[in-house]
Amino acid sequence: MVSNDSLSQRRVSVDLWGFLGRVSRLLVLIVMGAAVTALSPQFLTAGNLLNILRQASLIFVLAAGQTVVILAGGIDLSMDSVASLSGVIVANMLEADAPVPIAMAVGLAIGVGLGLFNGVIVTRVRLPPFVTTFGTWLLFKGITMWYNKYRVIHGFPESFRFFGKGRVGAVPVIILVAGAVLIIFYVLLRYTTFGRKVYATGANPEASRVSGLHINRILIATYAISGLMAAVAIQLYIGRLGSSLSDQGQFFAMDAIWASLLGGVSFVGGIGAIDQVVIGAIMIILLRNALNLLGVPPLWHGFFTGFVVIVAVLGERFLAARGERG
Amino acid sequence: MHLGRQKGITMEKNDTGKLALWLSRVPPIFWVLVVLIIGLSVVAREFATVSNVFNLIVQSATLTIMGLGMMVVIASGGIDLSLGSIMTLSGTVVAFTIQTWNLNWLLATVLGIAACALWGMITGTVIAKGRIFPFIVTLGMLYISRSVVLGILDGGTIPIYNESFELIANGFTFGLPNPVYVTLAALLLVTLLMRRTVFGRYVYAIGSSDIGARWLGINVDLYKILIYALSAMLAGLAGIVLASRMITANWIAGEGAEFDAIAAVVIGGTSLAGGSGTIMGTVFGALIITVLRNGLVLLGLGNEAITAVTGIAVMIGVILAQWMLRGGSHGK
C-alpha cells in the first residue's frame, strides 16, 4: 500500500519535471517578454512585436540550416563565407542587369554547391566537420575577397528587395519566408524518412550505417541544406539593407549556432526540434531588445549574450538530469 | 626473434639505425616546413634575410605560445574558442594598471597573466562541473571576455608608456630577439608538464575517454579546471608579447587568434577527437602558418589569397596527419 503510494507520487514528480523540461523554453520566453514589457510600455504593441519577429526571422532561416547539420552530428562554421560569396555573386549579377529570378536562383545554387563541397570533404576525405567548415570558411572568404575586392554594390531592383524589406499588408515578407521555412523543415524532419534518417545518423552513425542507411549521402544533404539556407538568408539580408559588400554576413554562423543552442538542439547530435529553434531565435532578439531598453552600452552586450547562453544550457542540463533521475 | 633482429641492427649499422629511429620520430610536418622554407628562399629574395628571420621569430612567438595551450586543451578532448579574447585581456590589464595605478611593469605583467589564469579556471569549472560541451562554454566566454576587454578599454585603445615592458617583444638578449626566450620558456613549461608529470598522462587519458579516466580514479573535474587555466595562462603570456610588440592594448588585437591557434595545432597532426597531441608538431604548425603568411606577403599576394591558402593548408594538414596515422597503423 505504502509503496504504491510513493510510486504514484514519484510518477507525478517525474511528470512535473518532464513537463517543465518540455515547456521550459516557452516559459523562459514569456518571462523575458514580461520583463521587457515591464521595462518599456511600448514593447507590447503590434508594431514592435512584428518588428521583433522580423529580426528573428533572419536568424531562424539560418538556424534552420544549422540545426539540420547539428542534428546529424556535424557543425557548419562556414555559413558566413558561403553567404557572403553567394551574396556578392547575386549582387554582381544584378548590377550587370541580369533578370532577378535568374540571379536569385544562381545565388541559391551556389549556396547548395558550396554546401555540397563541405559535405563531400566531410564524408569522402573524412575530415572532422569542425576542421572542414573552418577551412572552407577561410577558403570561401578568400575567394569572396578576391572576387569582389572592396566594392560596395547597391541599387538593387525593387522586385529583388521585396523579399527582404517588402510587406504583404502589415506583415513583412521576411516573416512569411521564415514561416514557410518552419513548415517545410517541420514536415521534413518529422514526417519524412529523410528527417528520421538525419536523427538516426546524428544519434548513432555507426548503428545507422550497419542498419543500411547511406549516411554519407545524408550528411552531404545536410550540408547542402545549410548552404542553401545561408544563401537564402543573405538574399533577404542584402535585400533589406539594399547594399552588398565582401564582408557581409559575418555573424551568420554564430547567430545560427546561438539560436540552435538556445532552442535546445544538442551538440551530441540526434536531439532537438525545429519548433523550439524558433523560440531560440526570438530569445536572441528579445535579449538584444531588453539590453537596449535597459540602456546597456553595446560594449557589454556580448557579456550578457554569453552569460545567458551558458546559464540556459546549464539550466537545461539540470532539468534533463532531474527528469532522468526521477 | 624480435630481440635478435634488434641486436643485428645495433651490431651492424649502429649509426644508421639510430639516425633512422631519430628520423622516424621527427613529425612529418617538419619536412613540410623545411620544403616550404627552401621553396620560399628560392622564390622570394627577401625571405632568407636576417631581418626577416627575426621578424618571423617575433611574429610566430604569440601563435606558438597560444598554440601550445590550445594543444593541451585539444589533447584533453576539449576546445577553447575564448583564447583569442583572453589574449587581449592580459594586455588590457597591463595597460590599464600601468596607466591608471602607475603599477610596476613586472607586477602588471604578472597580474595580467594571473587574471587570465583565473579566467581559465572559471571556464574550466563551468565545463567540468556543468558537464557542458567546451565548444559552447568557451564560445560564451569568448563573448563575455571580449565584452570585459571592450568595457575596460571603453571601446578604444590604451597606449603603454613603459620602456621595460616594450623590451619584452622588441629587445634583444645575446643577439636574439627576446620573444625567442619567452617562447622557449613556454615550450619548456609545457614539455615538462606533459612529459614529466602525471598531469600530462592524465590529459591524454581524459582526452581518450572521459568516463574511463573517471573509472581510473582520476579527479577529472580538477584536471579539466587546471587544463583550461594552463591554456588561458599561456594565452595571457602570448598577449603580453603581443601588447609589448604593439605598445598598446587594442581590443581587436586577439580577434580570431584562437582559430589560428586551432589551425596550428591541427596542422601539427593533433586530432580534434582528443587523446593525442604533439608539442613539436604544434610548434612546427605555428611556424608553417607564420612562414606561409610571411612568404605570401613577400610574394606580393593580397589578404584574400592568404586567407584562402590558410584555409586550404588547414585541410591539407589534417589530411596529411590522418594519412600518416593510417599508414602507421597499417605498417604494424
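The values are calculated or read from the model by the stated rules, or taken from the named source; none is laboratory data. Remember, it's a predicted structure, so these values are computed and weren't measured experimentally. For neighbour counting, all protein chains shown are included, and Cβ atoms are generated from backbone atoms with ideal geometry for every residue, glycine included.
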Exercise for review: Give the residue, chosen from A:S246, A:S208, that is at pLDDT below 95, assigned to a helix (DSSP H, G or I) and of a type in the set (S, T, Y).
Suggested key: A:S208
Review point. Of all residues in segment A:292-317 being small (G, A, S) and more than 9 Å from every other protein chain (Cβ to nearest Cβ), which is surrounded by the most Cβ atoms within 10 Å (Cβ to Cβ)?
Key: A:A312
Study note, to complete from the structure: By residue number, the members of segment A:145-159 that are surrounded by 21 or more Cβ atoms within 10 Å (Cβ to Cβ), more than 8 Å from chain B (Cβ to nearest Cβ) and part of a helix (DSSP H, G or I) are A:N148
Practice item. For B:L242, work out the one condition from (1) free of Cβ contacts under 8 Å to residues at least 40 places away in the same chain; (2) in a helix (DSSP H, G or I); (3) more than 17 Å from B:G78 (Cβ to Cβ) it doesn't fulfil. Key: (1)
Review point. Among (1) surrounded by fewer than 18 Cβ atoms within 10 Å (Cβ to Cβ); (2) away from every other protein chain (no Cβ under 14 Å); (3) not polar (S, T, N, Q), which single condition is B:G256 missing?
Key: (2)
Practice item. Could you list all residues from segment B:207-239 that are more than 18 Å from B:V137 (Cα to Cα) and among the β-branched types (V, I, T)? Key: B:I211, B:I218
Revision key, fill the gap. Those residues of segment B:136-164 which are within 15 Å of A:M254 (Cα to Cα), within 8 Å of chain A (Cβ to nearest Cβ) and hydroxyl-bearing (S, T, Y) amount to B:Y143
Exercise for review: Check off (1) within 9 Å of chain B (Cβ to nearest Cβ); (2) surrounded by fewer than 23 Cβ atoms within 10 Å (Cβ to Cβ); (3) assigned to a helix (DSSP H, G or I) for A:N289 and give me the number that stays unchecked.
Suggested key: (1)
**Study point:** Search result, residues across segment A:97-152 that are within 13 Å of A:S81 (Cβ to Cβ), modelled with pLDDT of 95 or more and among the β-branched types (V, I, T)
**Key:** A:I110
Review point. If you scan segment B:153-167, which residues turn out to be within 18 Å of B:A257 (Cβ to Cβ) and in a helix (DSSP H, G or I)?
Key: B:L153
Point to revise | Residue list for segment B:260-283, filter: away from every other protein chain (no Cβ under 14 Å) and buried (at least 24 other Cβ atoms within 10 Å of the Cβ) | key: B:G277, B:G281, B:T282, B:V283
Point to revise | All positions within segment B:297-311 that are surrounded by 15 or more Cβ atoms within 10 Å (Cβ to Cβ), at the interface with chain A (Cβ under 7 Å from one of its Cβ atoms) and out of contact with any Ser or Thr (no Cβ under 7 Å at 6 or more places or on another chain) | key: B:E304, B:A305, B:T307, B:A308, B:T310
Exercise for review: Consider A:G270 carefully, then state whether it is outside any helix (DSSP H, G or I) and more than 27 Å from A:A38 (Cβ to Cβ).
Suggested key: yes
Exercise for review: Test A:S260 against the criterion of being under 13 Å from the mean Cα position of the chain (by Cα), on the phi < 0 side of the Ramachandran plot and among the hydroxyl-bearing types (S, T, Y), and give yes or no.
Suggested key: yes
